[in-house]
Amino acid sequence: MTHWTLPRTLSAEDADTRMREGTSALSVVFSPDAPATAEALAAFSRDLASASVGVRIRITGPEADVHAAAAVALEQGALPEELVLVCDAVIDEAPVRRVFCVHCSHITRTEAPIDGTCDCDGCGKRLGVHRHFSRRHSAYMGTAASSVPGAPA
Ligand SMILES: [Zn+2]
C-alpha cells in the first residue's frame, strides 16, 4: 500500500508561499445519489495516494460522508489544516452522524441527534451521542447511554 506522505510541520510562512505558488487541490463531492460507500472511499484513498505533497483537500456532501472521507485523509497522513470540510444539509432527511463507540471503537452511522441515543453496530450497547466531536475519528463520541445525563438507561 502506498502511503501519502505530508510534512508534519509547516510554518505559516511556508503555507503562505505554497498558497501563492498555486498549491494543488483535490476536491471530492458526495451526495445522496453518490454517497461515501466503501468503494467511493477506496477511490478517494487512491487519489490521495497519488496526490502531491501539500495538496489542499476539499470534501463536500452530507455530514457523515464528509467525516468518513476526512477520516480516510487523516489516516493517510493529511493534517487537519489541509482539509476543507463543507457539510450540506440534506433536505427532508434527518442528518446522519458518525458516532464513535468508546467501548468497541466501531463507528455507527445514525440519525440520532446530539444528546440522543443509538445502538452501536459493533457491540450492541445503547450509546448516548455526545457533543464532543473527535477530529481523530471524525465522529461524535458515544458512550453507554447510562452515562449521558437525561438519556434513557
Ligand atoms: Zn460499541
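Residue selection: Glu81 fails the criterion of being charged (D, E, K, R), out of contact with any His (no Cβ under 8 Å at 6 or more places or on another chain), modelled with pLDDT under 90 and not in a helix (DSSP H, G or I). Filtered by the rule that a residue be surrounded by fewer than 16 Cβ atoms within 10 Å (Cβ to Cβ) and either touching a helix residue (DSSP H, G or I) at 6+ places or on another chain (Cβ under 9 Å) or over 22 Å from Leu74 (Cα atoms) (or both), region 123-132 gives Cys123, Gly124. Taking the condition at pLDDT 90 or above and either in a loop (DSSP other than H, G, I, E, B) or hydrophobic (A, V, I, L, M, F, W, C) (or both), does Ala36 pass? So Ala36 fits the description; yes.
The number of residues in region 58-69 being crowded, with 22+ Cβ neighbours inside 10 Å and on the phi < 0 side of the Ramachandran plot comes to 7. Taken over region 103-147, residues that are outside any loop (DSSP other than H, G, I, E, B) and basic (Lys, Arg) amount to 3. In region 83-116, the qualifying residues are those that are away from the ligand (no atom under 13 Å from the Cβ) and over 22 Å from Gly61 (Cβ atoms), and the one that is surrounded by the fewest Cβ atoms within 10 Å (Cβ to Cβ) is Asp115.
The values are calculated or read from the model by the stated rules, or taken from the named source; none is laboratory data. Worth saying up front: this structure is predicted, and the values here are computed from it rather than measured. Glycine also receives a Cβ, built like all others from the backbone with ideal geometry; neighbour counts cover every protein chain displayed.
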